[in-house]
Amino acid sequence: MPAIVIVGAQWGDEGKAKVIDLLAEQADCVVRYQGGCNAGHTVVRQGETFKFHLVPSGILYPGKTCIIGPGTVIAPEVLKDELDNLHQKNIATGALYISPRAHVTLPHHMAVDGLKEDALGDEQKIGTTRRGIGPTYEDKVGRIGLRVGDLLLDDDTLRQKLAHLVHQKSPLLEKVYGLPPLDTSELLRICHEYRNIMAPYVTDVDALLATAQENQDVILLEGAQGTMLDLDHGTYPYVTSSNPTAGGACTGSGLGPKAIDQVIGITKAYTTRVGSGPFPTELFDAIGEHLCTVGHEFGTTTGRKRRCGWFDAPAMRYAIQINSLDSLAVTKLDVLTGLSEIRICTAYRHMKTGEILTAFPSQIELLAQVEPIYEILPGWHEPISHIRHHDELPPAAKDFLARLAELCHTPVALISVGPNRDETIMLADPIRAAATCANPLDVPLGTC
Ligand code: IMP
């Protein structure tokens with residue numbers, strides 16, 4: 001049975017949690033593979049809203065194995081709040097497992113994240129979530145990070161590790177950031193608190209995943225953020241510090257590439273982005289306001305207003321290539337209802353030279369110098385959130401989806417027409433069927 005990667009195909013906030021929640025019903029195991037509490041995954045179930053930052057949303061199904069994988073970074077206090085909230089709602093967390101290889105976000109990581117952003121100023125700041133994500137990954141790459149497994153070490157060994165960390169890090173924190181020096185004993189005390197929170201969940205997840213594979217279980221790999229925020233493939237430096245792309249699902253979970261059977265890209269029917277960086281199809285007009293207001297485009301983690309714009313096919317084709325996407329799940333189609341015309345960016349034009357670009361540029365300097373070339377399609381006015389079959393969608397909505405799939409050379413397997421689970425149109429069973437589409441162009445909407 002398959003391992004399926006659910007990846008954000010844009011700049012994050014595409015609605016991954018809803019798709020995971022839908023597919024988790026058929027899955028045995030859900031693995032979060034990168035990022036930390038910068039993520040905000042919202043699931044609406046029977047009118048009740050659940051917000052996740054670290055715990056895989058599959059936890060809402062009793063008995064599904066939920067793993068926070070080696071590629072993640074974990075702020076234990078945030079995890080504790082999330083677990084407490086789940087327990088208050090009588091959601092059991094006994095099937096949650098945390099990799100000892102995941103890294104721990106410490107208080108100074110959060111402090112440095114904010115200080116770095118402030119020092120960059122409005123012009124140059126990344127617009128991070130200030131959750132300490134970048135500084136935690138910096139220490140991981142610098143090989144002085146504290147891993148979850150370290151929290152379980154005996155005190156003498158842990159103290160030695162912390163003393164090394166203090167020796168390496170404290171001068172930098174004091175001299176560059178003006179923070180108080182780190183203290184080994186205080187860090188040890190904090191680690192004891194973190195141990196109490198995390199110890200019940202820390203498990204050798206490699207063994208769990210090996211057993212899941214042997215048992216032919218369905219494994220969902222849950223990405224956070226999105227392709228354009230990928231450290232290597234996104235709009236660097238306006239990116240996050242991990243790899244949300246499908247490759248990151250392997251390194252971040254411990255499953256090898258051959259274990260992945262298919263990759264589903266989640267995209268809104270339009271585009272949003274939070275934080276700084278170029279965004280060619282961004283709208284600054286009443287339509288942008290419509291998308292923001294009707295789509296409730298405010299960050300789950302930070303509450304920040306998201307920047308909104310039209311669907312960008314060159315960016316999506318890039319995401320499809322980088323992630324080997326088998327199919328697309330198009331979310332928030334209902335947000336487009338009421339617009340008299342809908343635009344899709346099909347290519348870019350360089351604003352100075354007039355050159356036409358059909359590919360997504362690798363340099364953000366170039367991306368900042370292009371303007372979108374749009375194809376204009378008629379809109380629709382009928383509400384669509386009650387519709388459950390593709391055939392019943394207004395003709396203009398069907399044409400929009402067909403054109404989107406055609407421009408992206410990739411089938412659409414699922415359409416979301418509202419935040420609730422049931423507000424979904426399934427065109428294919430993404431777990432079983434999408435991988436069998438021999439030629440996606442022959443089935444532009446993925447009805448395989
Ligand atoms: P960081 O991940 O907090 O370091 O932020 C780096 C960039 O990624 C900023 O532009 C953030 O706005 C963006 N970002 C981080 N997490 C998310 C997310 O879950 N959704 C959308 N954008 C995010």
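Structural remarks
- The lone exception for His164 - which of (1) surrounded by fewer than 13 Cβ atoms within 10 Å (Cβ to Cβ); (2) under 30 Å from the mean Cα position of the chain (by Cα); (3) away from the ligand (no atom under 16 Å from the Cβ) it fails: (2)
- The residue that is surrounded by the fewest Cβ atoms within 10 Å (Cβ to Cβ), among those in segment 271-296 that are within 11 Å of the ligand (Cβ to nearest atom) and within 16 Å of the chain's Cα centre (by Cα), is Gly275.
- Within segment 294-307, residues that are basic (Lys, Arg) have Cβ atoms under 7 Å from residues that are more than 12 Å from the ligand (Cβ to nearest atom) and at pLDDT 95 or above in these pairs: Lys305/Cys292; Arg306/Cys292; Arg307/Glu282, counting only partners at least 6 apart in sequence or on another chain.
- Of the residues making up segment 340-348, none is open to solvent by less than 30 Å² (accessible area, probe 1.4 Å), of a type in the set (A, V, I, L, M, F, W, C) and assigned to a helix (DSSP H, G or I).
- The set of residues from segment 81-120 being open to solvent by less than 40 Å² (accessible area, probe 1.4 Å), of a type in the set (A, V, I, L, M) and over 21 Å from Val202 (Cβ atoms) comprises Ala111, Val112.
- Of all residues in segment 83-94, those that are of a type outside the set (S, T, N, Q) and under 22 Å from the mean Cα position of the chain (by Cα) total 2.
- Restricting segment 111-132 to residues that are closer than 30 Å to Leu209 by Cβ and not polar (S, T, N, Q) leaves a set whose member that is nearest to the chain's Cα centre (by Cα) is Arg131.
- Hits in segment 11-70 (condition: at positive phi and more than 16 Å from the ligand (Cβ to nearest atom)): Gln46, Gly47, Gly63
- Pairs, first within 15 Å of Ile342 (Cβ to Cβ) in segment 402-414, second hydroxyl-bearing (Ser, Thr, Tyr) and modelled with pLDDT of 95 or more, C-beta under 8 Å, six or more apart: Leu407/Thr346
- Taking segment 293-314 as the range and being under 23 Å from Leu407 (Cβ atoms) and assigned to a helix (DSSP H, G or I) as the test, the residues that pass are Ala313, Pro314.
- Selected residue [of a type in the set (Val, Ile, Thr), at pLDDT 95 or above and in contact with a His (Cβ under 9 Å, 6 or more places away or on another chain)] from Ile287, Ile266, Ile322: Ile322
- Test: Cys191 is open to solvent by less than 50 Å² (accessible area, probe 1.4 Å), within 17 Å of Asn323 (Cα to Cα) and more than 16 Å from the ligand (Cβ to nearest atom): no
- For segment 318-332, the set of residues classified as surrounded by fewer than 19 Cβ atoms within 10 Å (Cβ to Cβ) and either within 16 Å of the ligand (Cβ to nearest atom) or assigned to a helix (DSSP H, G or I) (or both) consists of Gln321 only.
- Gly58 assigned by TED's automatic domain parsing to the domain that holds Lys258, modelled with pLDDT under 95, surrounded by fewer than 22 Cβ atoms within 10 Å (Cβ to Cβ) and not acidic (Asp, Glu): no
This table checks each residue for (1) out of contact with any Pro (no Cβ under 6 Å at 6 or more places or on another chain); (2) of a type in the set (S, T, N, Q).
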site: Gly256; (1), (2): yes, no
site: Ile287; (1), (2): yes, no
site: Thr293; (1), (2): yes, yes
site: Gly303; (1), (2): yes, no
site: Gly309; (1), (2): yes, no
site: Ala313; (1), (2): yes, no
site: Tyr318; (1), (2): yes, no
site: Asn323; (1), (2): yes, yes
site: Ser327; (1), (2): no, yes
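The values are calculated or read from the model by the stated rules, or taken from the named source; none is laboratory data. Since we're looking at a predicted model, the values are computed, not measured. When we count neighbours, we look across all protein chains shown, and the Cβ atoms used for this are built from the backbone with ideal geometry, even at glycine. Areas reflect the complete protein model, heavy atoms only, side chains present, ligands, DNA and RNA absent. Shrake-Rupley method; radii C 1.70, N 1.55, O 1.52, S 1.80 Å.
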